[in-house]
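The structure appears right after this line, and notes come after that.
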Amino acid sequence: MCGIVGYVGKHNPKDFLLEGLKTLEYRGYDSAGIALKNNEETQIIKSVGKIKFLEEKVNNSLLIDSKIGIAHTRWATHGAPTENNAHPHCVGKVTIVHNGIIENAREIKDKLKVNFNSDTDTEVAAALIDYYYDGDEISAISKAVTELTGSYAFGILFEDSDKLYAVRKGSPLIIGINDKENYIASDITAIINYTNKYILLEEGEIAVLSAELVKVFKDGKEIKKDVIIADISAEAKSKQGFDHYMLKEIMEEPMLIENTLKPFVEDMSLIPDLKKYSEIHIVACGSAMYAGMIGKALLEEKASIRVICEVASEYRYKKVLYDKNTLVILVSQSGETADTIAAMRKAKEEGADTLAIVNVKTSTIARETDKQIFIEAGPEIAVATTKAYILQVAIFGLLAYKAASLNNLADEVKKLPRYVKEILDNRDLYLKIANEIYKDNDVFFIGRKTDYAICMEGSLKLKEVSYVHSEAYQAGELKHGTISLIEDGTPVFGIITDDDIRDKTISNIEEVKSRGAKVIIVSNKKVPGYDMEVIVPKISEFFQPILVVPCLQLIAYEVAKLRGCDIDKPKNLAKSVTVE
Ligand code: F6R
């Protein structure tokens, strides 16, 4: 959600900045802009829509010679996605790019009495920094940020300075280190082609970058920061010949399942013991929350632990009752989702233990939780999560397995990568199913218990990448209202992997079939009387969802492709949702 990249060094930064923006495209955006500066002037160029439009404009009209610049992809919050509202914003001597939301922008605006050119909170922040600027950049930034509420990562240029400034709260920002050039970026992928060395900027710190040096200040004093070496390669973030990142990332699942689970299979003592808790709260957003729903079902059914699974945006504001022995599990690919971070901080304030199931090791959630399990997915570039979700589900399988006091883990897990690979190889079948449903307007997914949690993810995947309206329902609940929407030919996916309620779900599927539904069965056993079906191998219930969801991911992918959608960057969506 919004991408920032900045450069100071020995070259003209134009190409670096445009390339960086393209790398950050996956975060979601609707407009983009760039600012380049030299001793005489600052030139700002912006455009609505894809970065290629910005690139065309830059190539036609970027004239100044420069060695310092900032650039931004904007996902609109305050104000429509127009050129005027796109960043960078310049007020007085200050030019900034911003990721986040300034919640008190209205009050500051009233106080400043500046003529604003945009509807954005960012321009207000620029004006506030300019208001405090009297030649001391660090002092102006610190005075301004103490007045701001909300979240921000700022890249800042001052007219009188040849340095690049950065500060953050809530939204991510890293400082890349190289020989005679340094960078700022929303994440490491934007700079990995240039350097793998970076510094994590913490809240309350201000970074000052020149070509030779990076200095970080806290409370007016310079502090020492560790330089981190990123362990991702430039290759890991390429498409490697696949048409889309989404497809590439789905195809990585067998290898990643093996790599992620291996250490735990070899040494089960690495798996946290959840039995010592009287209550567990699983808190996350979107797909990560649906992975948590599978965790809840498994932990309750198999280990008899009381579990609440809640959307983070609700959890953070509602009255939550904490038992004195509560564990809060935060699930997040990025580790930077604003609502999940707020939920984590609330849990810590209440004295609960916190455990993260997270992909990005340097993220806020990874750094602030008591314990972490890393899912080792590598960079996930497609906006819709696939591989990270599967690994989150795999980790919940492990946690439930250990909590159920079982110890045959190696046998259960050994077959997983091979089975997932076989499932992924069955692409003709998914394309055939996609062909049957891609012209439909409404699709339903029904199942019970764990199968219902699988339905939630199958349905979300389909709607977000293909823009087909879809709903997931507990199979038994459909007839309490929603069944009125089932017409001749309405596609209904029936997910049945749980033997205990198999017959019940089949009865519900019969109910929709007799009302004309086009039924697609996804099961680990043949259901007589249905032709359109995906049959996956039957394995331990702890890991069964891992064999079902990849089929639904590929069906969603094929439907999106048939409908000509922008699969890796669906409209209105952002990869890392850093505002609430
Ligand atoms: C859906 C999707 C989102 C994320 C959600 C949480 O495909 O990707 O629903 O799962 O925004 O993001 P993280 O896991 O980064 O906290």
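Scan the range 104-115 for residues that are touching a residue at least 24 places away in the same chain (Cβ under 8 Å) and surrounded by fewer than 19 Cβ atoms within 10 Å (Cβ to Cβ) and jot them down.
First, the residues of the range 104-115 that are touching a residue at least 24 places away in the same chain (Cβ under 8 Å): 104-105, 108.
Result: 104, single match.
Restricting to the range 267-284, name every residue that is free of Cβ contacts under 8 Å to residues at least 60 places away in the same chain, more than 14 Å from the ligand (Cβ to nearest atom) and either buried (at least 22 other Cβ atoms within 10 Å of the Cβ) or part of a helix (DSSP H, G or I) (or both).
Of the range 267-284, the ones free of Cβ contacts under 8 Å to residues at least 60 places away in the same chain are 267, 269-270, 276, 278-280, 282, 284.
This time we only want the ones that are more than 14 Å from the ligand (Cβ to nearest atom), so: 267, 269-270, 276, 278-280.
Those that are free of Cβ contacts under 8 Å to residues at least 60 places away in the same chain, more than 14 Å from the ligand (Cβ to nearest atom) and either buried (at least 22 other Cβ atoms within 10 Å of the Cβ) or part of a helix (DSSP H, G or I) (or both): 269, 270, 276, 280.
For the range 112-193, give me every one of the strands (runs of 3 or more DSSP E) that falls completely inside it and has 1 or more residues that are at pLDDT 95 or above and touching a His at 6+ places or on another chain (Cβ under 8 Å).
Numbers: elements: 150-158, 164-169, 174-177, 182-185.
Output list reads 150-158.
Filter the range 311-351 down to residues that are of a type in the set (Gly, Ala, Ser) and surrounded by fewer than 23 Cβ atoms within 10 Å (Cβ to Cβ) and give me whichever is farthest from the ligand (Cβ to nearest atom). Break it down stepwise before answering.
Filtering the range 311-351 for residues of a type in the set (Gly, Ala, Ser) gives 312-313, 332, 334-335, 338, 342-343, 347, 351.
Applying the additional criterion that residues be surrounded by fewer than 23 Cβ atoms within 10 Å (Cβ to Cβ) yields 313, 342, 351.
Numbers: 313: 10, 342: 12, 351: 24 Å.
That would be 351.
Of the residues that make up the range 426-436, is at least one in contact with a helix residue (DSSP H, G or I) (Cβ under 9 Å, 6 or more places away or on another chain), closer than 16 Å to residue 330 by Cβ, away from the ligand (no atom under 15 Å from the Cβ) and of a type in the set (A, V, I, L, M)?
no
Condition first: free of Cβ contacts under 8 Å to residues at least 24 places away in the same chain, hydrophobic (A, V, I, L, M, F, W, C) and out of contact with any strand residue (DSSP E or B) (no Cβ under 6 Å at 6 or more places or on another chain). Can you find one or more residues in the range 221-242 that meet it?
yes
How about the range 1-53: which of its residues are in contact with a Leu (Cβ under 7 Å, 6 or more places away or on another chain) and in a loop (DSSP other than H, G, I, E, B)?
Selection gives 13, 28.
Kindly indicate which of 228, 232, 192 is touching a Pro at 6+ places or on another chain (Cβ under 8 Å), surrounded by 13 or more Cβ atoms within 10 Å (Cβ to Cβ), farther than 18 Å from residue 145 by Cβ and in the same structural domain as residue 169 (by TED's automatic domain parsing). Working first, answer last.
Details: 228 fails: touching a Pro at 6+ places or on another chain (Cβ under 8 Å); 192 fails: touching a Pro at 6+ places or on another chain (Cβ under 8 Å).
Going through 228, 232, 192 in turn, the sole match is 232.
Determine, yes or no, whether residue 66 is in the same structural domain as residue 173 (by TED's automatic domain parsing) and more than 30 Å from residue 134 (Cα to Cα).
On the way: in the same structural domain as residue 173 (by TED's automatic domain parsing): yes; more than 30 Å from residue 134 (Cα to Cα): no.
So residue 66 fails the test.
All but one of (1) farther than 24 Å from residue 385 by Cβ; (2) in contact with a His (Cβ under 8 Å, 6 or more places away or on another chain) hold for residue 16; state the number of the condition that does not hold.
(2)
Looking at the structure I just gave you, is residue 63 within 24 Å of residue 121 (Cβ to Cβ) and either modelled with pLDDT of 95 or more or not in a helix (DSSP H, G or I) (or both)? Before the answer, list the steps.
Numbers: within 24 Å of residue 121 (Cβ to Cβ): no; either modelled with pLDDT of 95 or more or not in a helix (DSSP H, G or I) (or both): yes.
No, not satisfied.
Could you list, ordered by first residue, the pairs with Cβ atoms under 8 Å in which the first is in the range 461-481 and in contact (Cβ under 8 Å) with a residue 60 or more places away in the chain and the second is more than 16 Å from the ligand (Cβ to nearest atom) and not in a strand (DSSP E or B), at least 6 apart or interchain?
Note: pairs meeting the criteria are 466/438; 466/563; 467/563; 468/437; 468/438; 468/440; 468/441; 468/563.
Filter the range 449-494 down to the residues that are more than 22 Å from the chain's Cα centre (by Cα), small (Gly, Ala, Ser) and within 20 Å of residue 533 (Cα to Cα) and list them by number.
As a first pass, look at the range 449-494 and keep what is more than 22 Å from the chain's Cα centre (by Cα): 449-452, 473-494.
From what is left, the residues that are small (Gly, Ala, Ser) are 475-476, 481, 484, 489, 494.
Of everything in the range 449-494, those that are more than 22 Å from the chain's Cα centre (by Cα), small (Gly, Ala, Ser) and within 20 Å of residue 533 (Cα to Cα) turn out to be 475, 489, 494.
Output the residue which, of all residues in the range 372-400 that are under 10 Å from the mean Cα position of the chain (by Cα) and under 16 Å from residue 295 (Cβ atoms), is nearest to the ligand (Cβ to nearest atom). Walk me through it before giving the result.
Here is the first cut: in the range 372-400, the ones under 10 Å from the mean Cα position of the chain (by Cα) are 380-385, 388.
When the remaining residues are screened for being under 16 Å from residue 295 (Cβ atoms), the result is 385, 388.
On the way: 385: 4, 388: 6 Å.
Filtering first and then ranking leaves 385.
Looking at the structure I just gave you, is residue 357 within 11 Å of the ligand (Cβ to nearest atom) and more than 12 Å from the chain's Cα centre (by Cα)? Steps first, answer last, please.
On the way: within 11 Å of the ligand (Cβ to nearest atom): yes; more than 12 Å from the chain's Cα centre (by Cα): yes.
Here the answer is yes, as residue 357 does meet what is asked.
Might you check whether a residue that is over 30 Å from residue 10 (Cβ atoms) and exposed (fewer than 15 other Cβ atoms within 10 Å of the Cβ) occurs anywhere in the range 129-142? Quick ask: steps written out before the conclusion?
Start the filter on the range 129-142 by keeping residues that are over 30 Å from residue 10 (Cβ atoms), which leaves 131-132, 134.
Pick out the ones that are also exposed (fewer than 15 other Cβ atoms within 10 Å of the Cβ) and you get 134.
Yes, because at least one residue in the range 129-142 is over 30 Å from residue 10 (Cβ atoms) and exposed (fewer than 15 other Cβ atoms within 10 Å of the Cβ).
Quickly run through the range 238-263 and pick out the residues that are among the hydroxyl-bearing types (Ser, Thr, Tyr) and outside any helix (DSSP H, G or I).
Filtering the range 238-263 for residues among the hydroxyl-bearing types (Ser, Thr, Tyr) gives 238, 245, 260.
Listed by number, the list holds a single entry, 238.
Given 504, 449, which one is within 24 Å of residue 544 (Cα to Cα), touching a strand residue (DSSP E or B) at 6+ places or on another chain (Cβ under 9 Å), touching a residue at least 40 places away in the same chain (Cβ under 8 Å) and charged (D, E, K, R)? Talk me through it step by step, then tell me what you get.
Values: 504 fails: touching a strand residue (DSSP E or B) at 6+ places or on another chain (Cβ under 9 Å).
On inspection, the qualifying residue turns out to be 449.
Testing residue 291 on (1) within 16 Å of the ligand (Cβ to nearest atom); (2) over 16 Å from the mean Cα position of the chain (by Cα); (3) closer than 23 Å to residue 498 by Cβ, one condition comes back false. Which one is that?
It is condition (2) that residue 291 fails.
Filter the range 66-93 for residues that are touching a residue at least 60 places away in the same chain (Cβ under 8 Å), assigned to a strand (DSSP E or B) and closer than 27 Å to residue 580 by Cα and give the result.
70, 71, 72, 73, 74
Go through the range 294-307 residue by residue and tally those that are small (Gly, Ala, Ser), more than 16 Å from the ligand (Cβ to nearest atom) and buried (at least 19 other Cβ atoms within 10 Å of the Cβ). Write out each step before concluding.
So the first thing to find is which residues in the range 294-307 are small (Gly, Ala, Ser), and the list is 295, 297, 303-304.
Checking the rest, the ones that are also more than 16 Å from the ligand (Cβ to nearest atom) come to 297, 303-304.
From what's left, buried (at least 19 other Cβ atoms within 10 Å of the Cβ): 297, 303.
Of the residues in the range 294-307, 2 are small (Gly, Ala, Ser), more than 16 Å from the ligand (Cβ to nearest atom) and buried (at least 19 other Cβ atoms within 10 Å of the Cβ).
The values are calculated or read from the model by the stated rules, or taken from the named source; none is laboratory data. As the structure is a computational prediction, the values presented were derived from the model and not from experiment. Positions of Cβ are generated from backbone atoms using ideal geometry, with glycine treated the same way; all protein chains shown enter the neighbour counts.
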